[in-house]
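Colleague: Structure below; questions to follow.
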Amino acid sequence: MTRHKKTKFIGAARFCAVIAVPVAVAAAVKALPQLGQLIKKADSITLSKTENVYAQRKNTSEPEYTIEFSEDYEDIINEEYIISEGYGYMEETEDAQVFNDLENPLYAVSDNPGEKPYPTEEEWTEGGEIVRTTYGTFSGTTYFDLDEYGQVNNKTSVPNEELIEESRYLPDFKITDTDDPQVLIYHTHTTESFEPYVRDFYDAGFNYRTTDDTKNMVMVGNAIQKELEDEGIGVIHATDIHDYPSYNGSYARSRETITAILEEYPSIKVVLDIHRDAISGNGLAYQPYAEINGREAAQIMIISGCDDGTMGMPDCMKNFRFASSLQQQLEGDWQGLTRPILFDYRKYNQDLTTGSLLIEVGSHGNTLEQVQYSGQLIGDSLATLLNSMK
């Protein structure tokens with residue numbers, strides 16, 4: 001049992017010993033008229049964590065906020081312009097789980113860097129400014145808070161109230177004790193890459209894509225995979241390059257890859273397309289980060305697609321339930337790591353399972369080390385969530 005999970009268990013036990021009995025009695029009296037309905041929906045209701053348990057598990061400092069703003073930027077995933085806004089604040093904890101068992105990707109050497117290697121230091125050229133920022137909490141008609149932690153950015157015509165109700169249901173799949181793989185990690189835009197380290201400017205001659213899998217999305221997927229496997233969750237990690245040499249048609253090619261894997265391994269319940277964002281404009285590149293346990297992690301954003309009636313995604317709300325569960329687990333474990341879930345009219349091959357999501361890990365302004373660390377945090381929280389569903 002890892003240190004932070006032991007602390008979580010002890011905190012929960014203390015909490016229950018002090019107030020569980022009177023709370024249970026009061027709740028039973030209050031909930032008696034709705035007991036019949038509760039039993040009918042029992043398999044679809046999530047149990048809320050308490051802030052007291054979280055407070056004992058995490059010794060948090062006061063959050064620090066940056067200026068809140070929105071930026072129009074080119075979303076290279078969808079090849080069109082959208083608004084992407086974020087959420088997060090920084091914290092420090094004393095009870096930290098240490099993730100120091102992976103090599104710094106900047107110094108990793110690939111056996112086969114491919115046709116588009118990562119630039120060497122001698123090849124870097126000075127471009128525009130990198131803006132380091134930690135996204136703060138957002139307000140407005142499209143945003144709402146989840147019951148426990150994190151936010152949703154609703155870009156659809158579905159009422160917020162309906163999504164809030166959907167967010168309270170458990171994911172629509174079951175996790176079992178098995179050696180068979182239950183998670184598939186893949187990358188539609190495999191070659192997406194990052195900054196080498198924290199610096200004031202970005203590289204004007206680099207389009208932040210590389211076939212070197214120690215410096216692209218495969219590296220992030222490897223970090224997620226390791227944490228899942230360390231916690232007993234079977235994983236298939238598809239490292240196929242789908243966006244090079246041709247970017248067009250990436251989603252069709254990745255669909256072929258994951259369809260074949262799902263047919264071979266019907267045990268897979270969770271399918272994650274791991275990307276990075278591209279937040280930039282006016283000669284600036286943004287580096288959204290949060291300080292987690294004394295280290296910098298790239299802030300992440302989950303994208304859950306919605307069907308507008310023409311996209312063949314009748315189960316999109318089931319994906320959203322999973323997105324909400326994962327968002328709350330991530331933000332509860334690592335305060336400030338997440339930006340709001342983006343719920344929008346997008347498909348991204350999310351019609352293939354009810355546990356399909358796209359996760360943006362940082363932006364091209366983030367560093368290799370920041371995104372690798374975020375991958376570890378994602379993997380750890382996802383393992384906690386999935387093991388709790390067994």
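Colleague: Please specify each residue of the range 254-277 satisfying the condition of being in contact (Cβ under 8 Å) with a residue 60 or more places away in the chain, open to solvent by 60 Å² or more (accessible area, probe 1.4 Å) and not in a loop (DSSP other than H, G, I, E, B).
Modeller: Across the range 254-277, the qualifying residue is only Arg255.
Colleague: Let me ask something additional. Determine whether the range 184-205 contains at least one residue that is among the basic types (Lys, Arg) and outside any helix (DSSP H, G or I).
Modeller: Looking for residues that are among the basic types (Lys, Arg) and outside any helix (DSSP H, G or I), one finds at least one in the range 184-205, hence yes.
Colleague: OK, next. Condition first: in a loop (DSSP other than H, G, I, E, B) and more than 19 Å from the chain's Cα centre (by Cα). Now tell me which residues in the range 159-174 satisfy that.
Modeller: Result: Pro159, Lys174.
Colleague: Out of Gly150, Gly140, Gly114, report the one residue that is of a type in the set (Gly, Ala, Ser) and in contact with a Pro (Cβ under 8 Å, 6 or more places away or on another chain).
Modeller: Exactly one residue qualifies, and that residue is Gly150.
Colleague: Would you call Lys318 in a helix (DSSP H, G or I) and either in contact (Cβ under 8 Å) with a residue 24 or more places away in the chain or in contact with a Cys (Cβ under 7 Å, 6 or more places away or on another chain) (or both)?
Modeller: So Lys318 passes the test.
Colleague: Here is a follow-up. Taking the range 129-149 on its own, how many of its residues are in contact with a Leu (Cβ under 9 Å, 6 or more places away or on another chain) and buried (at least 16 other Cβ atoms within 10 Å of the Cβ)?
Modeller: The total comes to 4.
Colleague: Still on this structure, please answer the following. Which condition from (1) outside any strand (DSSP E or B); (2) open to solvent by 20 Å² or more (accessible area, probe 1.4 Å); (3) at negative phi is the one that Ser325 breaks?
Modeller: (2)
Colleague: For Tyr289, are the conditions met, namely being in a loop (DSSP other than H, G, I, E, B) and under 28 Å from Glu195 (Cβ atoms)?
Modeller: Here the answer is no, as Tyr289 does not meet what is asked.
Colleague: Among the residues of the range 101-117, count how many are within 25 Å of the chain's Cα centre (by Cα) and open to solvent by less than 70 Å² (accessible area, probe 1.4 Å).
Modeller: Residues meeting the conditions: 5.
The values are calculated or read from the model by the stated rules, or taken from the named source; none is laboratory data. Quick caveat, the model's predicted, so the values are computed rather than measured. Cβ atoms come from the backbone with ideal geometry, glycine included; neighbour counts cover every protein chain shown. Note: areas computed on protein heavy atoms with side chains; ligands, DNA, RNA excluded. Shrake-Rupley method; radii C 1.70, N 1.55, O 1.52, S 1.80 Å.
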